[in-house]
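Here is the structure we will look at.
Just so you know, all these numbers are worked out from the coordinates, no wet-lab data involved. As the structure is a prediction and not an experimental result, all values here were calculated from the model. We place every Cβ from the backbone using ideal geometry, glycine too, and count neighbours over all the protein chains shown.
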Amino acid sequence: MTDAWTFGYGTNGLADHTLPDALDIIAEAGYGAVALTIGHPHLDPFATDWRERTERLARDLEHRGLRVVVGRAPEALVGLP
């Protein structure tokens with residue numbers, strides 16, 4: 001069973017890193033959760049292979065023991081400012 005809450009860090013703050021490297025940094029720093037930034041460069045919901053990437057990412061996050069939240073407002077996905 002996991003704790004009721006944990007500290008997390010957002011991938012937006014690590015946009016100059018690949019997603020695997022960003023997750024390494026977050027996990028190694030002792031965070032228990034990650035706020036995924038939807039979009040470039042980490043998780044593109046418009047990529048043709050988005051489902052496979054997302055499933056692979058879910059397995060990776062579980063392996064690392066990181067919980068996840070989405071860290072981007074929906075308006076960013078439809079091109080609103």
- line: Non-local residues with an amide H under 5 Å from the amide H of TYR9, with H modelled 1.01 Å from N and Pro and chain starts lacking one, are ALA33, VAL34, ALA35
- prompt: How high is the FRET efficiency between THR48 and ALA4 when r is their beta carbon distance and R₀ equals 41 Å, given to the nearest 0.05?
  reply: 0.60
message: Just to verify a number: FRET efficiency for GLU55 and HIS17, C-beta to C-beta distance, R0 = 22 Å, to 0.05?
response: 0.50
